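The structure appears below as structure tokens.
The values are calculated or read from the model by the stated rules, or taken from the named source; none is laboratory data. Remember, predicted model here, so these are calculated numbers, not experimental data. Don't worry about glycine lacking a Cβ; one is built from the backbone with ideal geometry, like all the others, and counts go over all protein chains shown.
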Amino acid sequence: MEDSSRSQKNVTELLSRREREGARMGSRLRPSENHSYFAAVVSHGSIRKAADALHMASSALNRRILDLEHEVGTALFERLPRGVRLTAAGEIFIGCVRATLKELRRAELQIEQLRGEVRGMVRVAVAESVTPYLLPRAITDYQVHHPGIGFQVSVSGPEALLHALSHDHAEMILTHEKPSGASVSVLADTRHPLVALVAPTHPLAQLGEVGLAECSHFPLAVPDASLAARAILDGAMEEAGITLEPALESASIETLKAFARLGQAVCFSFMLGDKEPLPGLVPLRVRDARCTDASLLLVVRRGRVLPVAAASFVELMIGYFHGAPRLESVSVA
């Protein structure tokens with residue numbers, strides 16, 4: 001009881017201080033004054049002691065409590081010779097008041113975080129395809145409005161991404177392989193085709209569009225089995241009756257691109273729109289349906305309440321997926 005009383009006293013003092021600050025600044029969420037006064041009386045067990053702590057007259061505080069009791073429609077305290085005691089109605093009402101104060105404080109912290117007044121960290125696990133352009137652009141735009149928020153980005157294949165999400169090592173993932181099961185929610189998806197990339201001097205460079213059969217006449221630089229692009233390529237080549245014999249296989253898309261820039265090799269990469277810079281490489285649309293219809297998905301763990309910074313970044317990413325990010329309208333879902 002002593003610890004509980006001390007804790008409530010600290011809350012009351014904090015609320016009193018915030019009310020004074022709010023009167024000066026006009027920028028803080030404030031609970032109902034009568035509710036704060038009621039909580040103070042409960043904490044101190046006496047109207048006189050609570051009035052002393054709040055630096056106000058006992059008679060003024062008593063009037064506030066009487067106003068509250070009139071508003072509620074019943075007595076909240078039993079007046080005793082040496083203090084007050086909660087009635088049954090008061091016991092119910094103090095639970096409601098404490099919950100309200102807690103929620104107001106939570107909302108204030110969330111709003112402060114959105115304004116960049118509180119530092120935070122958003123953890124994102126992604127496919128490598130979004131790291132050269134899409135993700136850095138989104139983070140840069142977000143931090144213009146929320147400079148106090150940092151990002152931790154990990155890059156993996158589909159299975160590792162899903163593992164990170166399911167174990168709460170990341171608040172969201174960007175993946176090319178649609179996860180199965182009821183434990184995840186796909187919040188947005190967008191077409192993210194797998195294209196062939198060649199050097200400007202490559203014999204295929206002027207075609208604009210190729211089939212995998214044409215690509216197979218040249219050295220192929222392909223992702224390894226840990227990446228979603230490999231599963232798509234394997235399926236498309238099987239459908240086309242092509243045996244894959246790579247000249248280079250790697251989990252690093254940047255390594256594959258560098259190899260293609262240096263000679264006659266064809267590499268493959270997901271490409272989101274025509275604004276993504278590809279220095280030294282020419283993108284070629286791949287006619288095979290599996291490559292053309294590939295997607296990028298934004299996924300979160302179902303049922304998880306995201307931290308406010310992560311929730312607002314999710315909304316920004318949804319805007320990117322829809323082609324029109326609007327940072328000024330980002331809020332918490």
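Listing for the model above:
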{"quantity": "Strands (runs of 3 or more DSSP E) wholly inside the range 227-296 containing at least 3 residues that are assigned by TED's automatic domain parsing to the domain that holds LEU204, farther than 11 Å from LEU212 by Cβ and not hydroxyl-bearing (Ser, Thr, Tyr)", "calculated": "282-286"}
{"quantity": "Scan of the range 36-76 for residues that are of a type in the set (Asp, Glu) and touching a Leu at 6+ places or on another chain (Cβ under 7 Å), ordered by number", "calculated": "GLU69"}
{"quantity": "The range 193-226: number of residues that are closer than 18 Å to ALA294 by Cα and in a helix (DSSP H, G or I)", "calculated": "1"}
{"quantity": "Residue count for the range 297-319, restricted to those that are crowded, with 17+ Cβ neighbours inside 10 Å, aliphatic (A, V, I, L, M) and assigned to a loop (DSSP other than H, G, I, E, B)", "calculated": "1"}
{"quantity": "Any chance GLY157 is at pLDDT below 90 and farther than 24 Å from SER252 by Cβ", "calculated": "no"}
{"quantity": "Hey, VAL198 over 30 Å from MET121 (Cβ atoms) and in contact (Cβ under 8 Å) with a residue 40 or more places away in the chain or not", "calculated": "yes"}
{"quantity": "Selection from the range 60-111 of residues that are of a type in the set (Lys, Arg) and crowded, with 18+ Cβ neighbours inside 10 Å", "calculated": "ARG64"}
{"quantity": "Selection within the range 31-55 - modelled with pLDDT of 90 or more, of a type outside the set (S, T, N, Q) and outside any helix (DSSP H, G or I)", "calculated": "GLY45"}
